[in-house]
Every structure is written in structure tokens, then in C-alpha cells.
Amino acid sequence: MVDFSKFTKYSKPGPRYTSYPTAPEFHENFKEEDLVSFYKNQSDDRPLSLYIHLPFCRSACYFCGCNVIFTSKEDKKVKYVEYLKKELQILKKHLNTNRTVSQMHFGGGTPTFFSADQLKEVITAIKEVFPNFENDAEISCEIDPRFFTQEHMDVLKDGGCNRLSFGVQDLDPKVQETIHRVQPFETTKNVMDIARKAGINSINIDLIYGLPYQTKESFAKTIREIITLNPDRLAVFNYAHVPWMMKTQRKFDETTFAPPSTKLEILQDTIGFFTSNGYKMVGMDHFAKPTDELFQAIEKGELHRNFQGYTTKGGADLIGIGVTSIGNGIDYYVQNFKDLKSYEAAIDSGHLPVFKGYSLNDDDILRQYVIMELMSNFSLDIKRVEEKFNINFEEYFADAIIALKEFEEAEILTIDSNKIQANETGAMLIRNISMPFDAYLNNIPEDKRRFSKTI
Ligand SMILES: C[S@@+](CC[C@H](N)C(=O)[O-])C[C@H]1O[C@@H](n2cnc3c(N)ncnc32)[C@H](O)[C@@H]1O
Ligand code: SF4
């Protein structure tokens, strides 16, 4: 066992780099007309990846960091579906929606908190506007097992869904009670059975470590039980504690959190457990069976990072649909309004509901490549960067190379003129290793950084 006490100093606020630049850099000077001109300039040959945000949940899981609206009102859902349909019609005016679609993801919130009929209405509306789905398009949906029926499965399957992701988080009763998400093992097992019977052969399970009252032993028990369900993939997220943004997280007694050294041990035990049971680590928080294309993508150097974590489908332009959703192309990010009122008002006046965005410059595109490579592969081919961007790496990134020295001295990273390579422990600290390449983070004093902690 590695002595993790010497690494706890790296437990500092830092981005998870689902985007670069990160969301705090998005600004309101980015307007609808900017987005429209990006859409106009996009190549028709680039496929589209659609993200549809379905924001509602019945009750709050106290740990949740997602953009969620809590409601039990049926009319809110009916109204939301109407607005999604209107948004699609506005989109059609500005984007060539005849481009092929290689990916579609329903996220939330809890997509299956909508009824099966409502989901069907949404899928039908999307396919009318985007008629050219690739035959092997990846169509996926996030599922809360507490809200999932055979009817939901049938509608999703008819809509071409071939991947599901189930939220579990933890199986320990005390942890479940504290996080306000009581979900017996049987509930998860039953919905997995429904999905398998429907022929879904790519199932992911989400877990979180770092939650209140979790211990090495309790989490080991959770993963031993979870593996009996035979998921194809797992996402084991580091709990992102951001109580200044998420009110419900303030309910937690912070003294019940495992300290950083224990969290690193939990992570190491988790990596050991899944790898000795036939899974491979993919990126910093995913595991996949060797037969899964996510793992195969690493071998081919085709693993990409995006807002949903990791994906095999790069080279597509992401279109975010629905309140709060984020889209991006080669040189921009855009986010829809986060509150329903502004979102609806924009759509009522015939506009795309653009809240914020960001146009990337050449330096952003270079740094984005470097950071995403590190986050996906734990290594960076320096020669490739120099050729691709026509730079001298050592000169361009002189500051970052100096900042990486401490990781070299800690023997978790090697750098030579060809390559940066993190070892297994370095992989667990890849956010810290990527941070020196972030031009914006380095302008913010450490005590003013509003990100979750890296450990
Ligand atoms: C939108 S939810 C998944 C679907 C569904 N709402 C559910 O909870 O089952 C997305 C996932 O994000 C993860 N997540 C949410 N809040 C988090 C946090 N604060 N830190 C780390 N992971 C978090 C959870 O694992 C959760 O399953
Ligand atoms: S974890 Fe899922 S179900 Fe729980 S509040 Fe967040 S989005 Fe809703």
C-alpha cells in the first residue's frame, strides 16, 4: 500500500475539466448571434451529439451537485415538454439539423421522472427535427432506479436507446439515510434485470466515494455487492463538496467525511478490486470491461473527455437542448439559461435560450488539447503537440514544466523531451497534474478558487 499521507497536501480546490476553459470562464457577452454564426460556419460533415436536459427530481439527494429542479407537479413536466419542442423548432432555423447524429444523451435531473408517454413525445420531436441518426448512434439515458418502469424501458428501446446509466452512489443503509437517498439493492437489481431483458448490453452504474459515514470497509462492501450485478461500466466519482453552491450539501456534518488520505486509500482499493475482477480503469473515475469500447478507445488513443465524463465519439459538435444544458464546437462553449423563467421567456420570443458562452482562442485550443489528453490518458505525447500546434513545448509551457517538478520529485510523474507520463498514483492526482496547464486558474489566488477539492 502506498503511503498516501504525503499526498494529502494535494487536496486542493481544482476543476474536473469536463471542459477547458472551465464553466466559470463562460460569460454573458456571448450572445445568440455569436452562437448562430458558429453554427453557420460548422462543417456539414461533422456529426452532431445531442444532449437533452430533463431537470426534474421528486426529492433532493443531499449530495447532489447537478442542475436540478425539485417538483411533484405534473403540469410543470407537461409544460417543459412543450418548451423543448419549441426550442427544437427554433434550433432548426439556425442549425443544419440534417447533419448526421452520432450520439444522443438524456441527462438530468431524472429523465424517467417524466412518464413513458412524455419521453416518447420528446424522442419523436427530436427525431422529426434530426432525421439522420447514424445506424450505430450511441443513445443513452441516465436512470434513477427508483423511477424506472418497464414502460420507460419499452419507449427508450423503441427510440433506439442502447445504453443506460443507473445512479446508485452507495449501498450502506446509514450512508443512504444520511444522503437522503434510500435505495435498496433489490431496487437496483430489478431495474438491471429489466434493462438486460430488453437487450441493453451497455449498462453503467454510478457510485460516489467521499460521502458522509463512508469508510474503507463500508465502501469495499458496496463494491463487492455491486459487482454481482455485472455492470459493463462503472463511474466511481469523487464526491464534489461545493456547499457554497449547493444548499442541501450544507446538511452534512463535515466531520463525518473520510480524510483525504483515507479517500485515496478507498480509491486505490477500488481500482485494485475492479482491475482484479476483469475491469480496466478508464480516465480518472471510470472502469470498463475490456470488451467495452470505452476501454478499446484507450488502446486506440481515441478516448475523449466531455461533459458526461468520457466518450469514444470525438469529432462531433455537441448541441445542448433544455434548460441549463451546455453545447460546444471546436471553438466555442454555450450554456442555456439555468432558470426556467428566463429559458421560457427566450423561447417565447423566438430566440435560442443562450445564457452564457465562450469563444476559444488559439491558446485555449492548445491548452484544451493538453489537459484533455492528460485527463484521458494520464500521459501526453509532447512531439505530437509540437507538430499539431507548431510550438516548442519546453518554451511555451516553461512555467507548467517548473510546476510539474514537484510531482516528478514525488515520483508520480516522469517528463522527458518526448512524453509526460503519470504513474498509477499520479493517475489518482491527474486533476492536480493538469492544473499547471490551465491559464485561467493560475490567475485566481488559491484561496479564491471555487471548485471542489481534488481529493
Ligand atoms: C443526474 S445524476 C444520475 C441520474 C439520476 N438522477 C440518479 O441520481 O440516479 C448524475 C450522477 O452524478 C453524480 N453526482 C451527483 N452529484 C455529485 C457530487 N456532488 N459529487 C460527485 N458526483 C455527483 C451521481 O453519481 C449521479 O448518479
Ligand atoms: S442525484 Fe439524481 S435523483 Fe438525486 S437529486 Fe441529483 S439528479 Fe436528482
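The values are calculated or read from the model by the stated rules, or taken from the named source; none is laboratory data. Please read all numbers here as calculations on a predicted model, not as lab measurements. Virtual Cβ from ideal backbone geometry, glycine too; neighbours counted across all protein chains shown. Ligands, DNA and RNA are stripped out before the accessible areas are found, and what is left, the full protein with its side chains, is counted by its heavy atoms. Shrake-Rupley method; radii C 1.70, N 1.55, O 1.52, S 1.80 Å.
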Let me check something: with ligands and nucleic acids excluded, how do ASP362, ASP75 order by accessible area (1.4 Å probe), largest to smallest? ASP362, ASP75
Considering only DSSP beta bridges whose two residues both sit in the chain, what percent are antiparallel, to the nearest 5? 45 percent
Starting from the Cα of LYS216, step 7 Å toward the Cβ, then list every residue of segment 408-427 with an amide N under 18 Å from that point. 425
Residue-normalised accessible area of segment 121-165, expressed per residue, 1.4 Å probe, Å²: 42 Å²
Can you grab the distance from the C-alpha centre of segment 153-220 to the C-alpha centre of segment 239-318, Å, no decimals? 15 Å
Long-range amide H partners of VAL282, meaning residues 5 or more apart or on another chain whose placed amide H is closer than 5 Å, are PHE287, ALA288
Over segment 280-375, one equal point on each Cα, no solvent: what is log10 I(q)/I(0) by the Debye formula at q = 0.25 Å⁻¹? -1.21
Taking every C-alpha to C-alpha distance in segment 61-146 and binning by 5 Å from 0, the per-bin percentages run 3, 12, 20, 23, 19, 13, 7, 2, 0
Range of Cα positions in segment 171-217 per principal axis (Å), largest first: 37, 17, 16
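Would you compute, from DSSP H runs of 4+ residues alone, the mean residue ellipticity of the chain at 222 nm, taking -39500 (n - 2.57) per run and dividing by the full residue count, rounded to the nearest 500?
Counting only the DSSP helices, I get -11000 deg cm²/dmol.
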Check: C-alpha center segment 352-416 vs C-alpha center segment 21-46, spacing in Å is 22 Å
In angstroms, what radius of gyration and Dmax does segment 349-455 have, counting Cα atoms only? 15.8, 58
Computed on Cα atoms, the radius of gyration and Dmax of segment 1-146 in angstrom are 19.0, 58
Counting DSSP beta bridges with both partners in segment 196-299, what percentage is antiparallel, nearest 5? 50 percent
With Rg and the Kirkwood Rh both taken from Cα atoms, where does Rg over Rh land for segment 205-348? 1.04
List the pair-distance distribution P(r) of segment 193-271, using every Cα-Cα distance, as the percent of pairs falling in each 10 Å bin from 0 up to the bin containing the longest distance, rounded to whole percents. 16, 41, 28, 14, 1
Which aspartates and glutamates does LYS77 reach when only Cα atoms under 18 Å apart count, and residues fewer than 8 places away in its own chain are ignored? GLU87, ASP117, GLU121, GLU142, ASP144, GLU151, ASP339, GLU344, ASP348
Dimensionless Rg over Rh [the chain; C-alpha; Kirkwood]: 0.94
³J(HN,Hα) across segment 102-108 via Karplus (A = 6.51, B = -1.76, C = 1.60, θ = phi - 60°), whole Hz, x for Gly/Pro? 9, 7, 9, 10, 9, x, x
Taking the Cα atoms of segment 15-95 alone, what are Rg (to one decimal) and Dmax (as a whole number) in Å? 16.4, 43
Under the Debye formula (equal points on every Cα, no solvent term), log10 I(q)/I(0) of segment 79-225 at q = 0.17, 0.19, 0.20 Å⁻¹: -0.97, -1.11, -1.19
Calculate I(q)/I(0) for segment 363-405 by the Debye formula, one identical point scatterer on each C-alpha and no solvent, and give its log10 at q = 0.23, 0.31, 0.33 Å⁻¹ to two decimals. -0.83, -1.33, -1.35
So the number of lysine pairs in segment 262-394 with alpha-carbon atoms under 25 angstrom apart, 8 or more residues apart or on different chains, is 14
Two pseudo-spin positions, 7 Å from Cα along C-beta at GLU409 and at GLU151, lie apart in nanometres by 6.4 nm
Give the Cα extents of segment 402-453 along the principal axes, in whole Å, largest first. 32, 21, 15
